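Inspection log for the structure reproduced underneath, given as structure tokens.
The values are calculated or read from the model by the stated rules, or taken from the named source; none is laboratory data. Just so we're clear, the structure is a prediction, and the values are computed from it rather than from any experiment. Please note: Cβ atoms are built from the backbone with ideal geometry, for glycine as well, and neighbour counts cover all protein chains shown. For accessibility, only protein heavy atoms count, side chains too; no ligands or nucleic acids. Shrake-Rupley method; radii C 1.70, N 1.55, O 1.52, S 1.80 Å.
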Amino acid sequence: EAKLRLSGVAKSYAGRRRGTVQAIGGIDLDVRPGEFVSLVGPSGCGKSTLLYIIGGFIGADGGSVLCDGREVSGPGPDRGIVFQEFALFPWKTVLGNVTWALARRGVSRKDRPEQARRLLSLVGLDEAGRLYPSELSGGMKQRVAIARTLAMDSEVLLMDEPFGALDAQTRALLQEELLRIWDETGKTVLFVTHSVEEALYLSDRIVVLSSRPSRVRDVITPGFPRP
Ligand code: ADP
Ligand code: ADP
């Protein structure tokens, strides 16, 4: 049974000058439970669009997306998303950002501080709970964003170039951390990147999309031993 099943997913945008632009031309893809799948393809081929469709933030014009066999019709707690640009609440502390997601999930007020601290520890931020996003480096912000998404306890993690804005060293560190978290939690990960090297390192399977209107062009199974 697939965790995610995409059948004929298609999407066009109304362009300002060129009329309708077909971004996604019809994508079929099954992702197994616990699998780590990367999406790569030329810039503008619709990788982010596809991820937002799966996240339920935008609708497709055709085809269907099933998560655990249920049709996706909007955002839901079963699918957590991590954006490239962190998207933290600047007016909340690190602890506040994570606690917000716990509250949304319905964790009782009494249990939130303990769980928030455990999540921050999981991403290596034990000391940063009282800081505000503006006081953090890019790498730290992305860690908070990951902790906040983990707080939603979704079985599916959708990640849109989460390490794209980071320097090489921070990116390498967070890649290791993501693999460890993925290994410990058994989550299903769909990871968008423009780096084939990153995809080779992280993934069970790499789905290569063609340029617009994108379709699945190739599927690569790296089969490298992970650290
Ligand atoms: P990728 O993530 O692969 O770089 P995107 O999903 O961001 O690609 O974009 C796919 C195509 O759709 C691009 O040509 C982009 O310009 C276009 N596009 C994306 N978002 C919009 C939008 N809101 N309105 C119009 N066109 C858009
Ligand atoms: P670390 O201390 O974790 O190594 P840095 O402060 O060196 O993090 O920043 C890592 C990378 O993140 C840098 O390349 C920087 O360009 C990027 N970065 C930092 N702050 C932001 C931000 N607010 N938005 C986007 N990128 C950022």
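How many percent of DSSP beta bridges within segment 94-227 run antiparallel, rounded to 5?
Details: 4 of 9 bridges.
Of the beta bridges lying entirely in segment 94-227, close to 45 percent run antiparallel.
Can you give me the % of accessible surface on segment 1-158 that is carbon or sulfur? Probe 1.4 Å, all protein chains present, nothing else counted.
Answer for segment 1-158: carbon and sulfur cover 48 percent of the accessible area.
Which residues make up the longest stretch of the chain that has no trypsin sites (Lys or Arg not before Pro) in a DSSP loop with at most 13 other Cβ atoms within 10 Å?
Within the chain, the longest run free of exposed trypsin sites (Lys or Arg not before Pro) spans 131-227.
In segment 153-227, if the dipole is taken from +1 on Lys/Arg beta carbons and -1 on Asp/Glu beta carbons about the Cα centre, which of Leu173, Ser154, Ser214 is farthest to the positive end?
Of Leu173, Ser154, Ser214, it is Ser214.
How far is it, in nm, from the label point at Phe224 to the one at Glu114 when both lie 7 Å from their Cα along the line to the Cβ?
Result for the modelled spin labels: 4.1 nm.
Can you compute the charge dipole magnitude of segment 41-137 about its Cα centre, using +1 on each Lys and Arg Cβ and -1 on each Asp and Glu Cβ, nothing else charged? Give it in debye, rounded to the nearest 20. Display every interim value, and only then the final one.
Numbers: 12 positive and 10 negative charges, 76 e Å.
Its charge dipole is roughly 360 debye.
Normalising by the residue count of segment 118-212, find the relative contact order in percent from Cα pairs under 8 Å and 6+ residues apart.
27 percent
I'd like to verify something in the chain: which complete DSSP H helices, judged by Cα projection on the helix axis, reach 18 Å or more and average at least 0.0 on the Kyte-Doolittle scale?
Span-like helices in the chain: 138-151.
Which percent of the accessible heavy-atom area of segment 161-227 goes to carbon and sulfur, probe 1.4 angstrom?
Accessible surface attributable to carbon and sulfur in segment 161-227 totals 50 percent.
Can you give me the relative contact order of segment 58-176 as a percent, contacts being Cα pairs under 8 Å and 6 or more apart?
Working: 151 pairs, mean separation 44.8, N = 119.
Normalised by residue count, the contact order of segment 58-176 is 38 percent.
If contacts are Cα pairs under 8 angstrom and at least 6 residues apart, what is the relative contact order of the chain in percent?
On the way: 457 pairs, mean separation 64.9, N = 227.
Once normalised by length, the contact order is 29 percent.
From the helices alone, meaning DSSP H stretches of at least four residues, give me the mean residue ellipticity at 222 nm for the chain, per-run term -39500 (n - 2.57), in deg cm²/dmol to the nearest 500.
After summing the helix terms and dividing by the residues of the chain, the value is -9500 deg cm²/dmol.
Only Lys, Arg, Asp and Glu count, each charged at its Cβ (+1, +1, -1, -1), so figure out the dipole size of the chain about its Cα centre, rounded to 20 debye.
Approximately 740 debye in magnitude.
Under a Cβ-only charge scheme (Lys and Arg +1, Asp and Glu -1), can you give me the dipole magnitude of segment 116-227 about the Cα centre, in debye to the nearest 20?
With Lys and Arg at +1 and Asp and Glu at -1, about 240 debye.
How many Å² of accessible area per residue for segment 1-159, probe 1.4 Å?
Numbers: 7730 Å² over 159 residues.
On a per-residue basis, segment 1-159 sits at 49 Å².
How big is the gap, in Å, between the Cα center of segment 119-190 and the Cα center of segment 20-64?
Comparing the Cα centres of segment 119-190 and segment 20-64, I get a distance of 22 Å.
Between Arg105 and Asp28, what is the label-to-label distance in nm when each label sits 7 Å out along the Cα-to-Cβ direction?
3.5 nm
Quick check: from the Cα gyration tensor, does segment 106-167 come out rounded (a/c under 1.5), prolate or oblate?
Oblate, because a/c is 1.5 or more while a/b does not exceed b/c.
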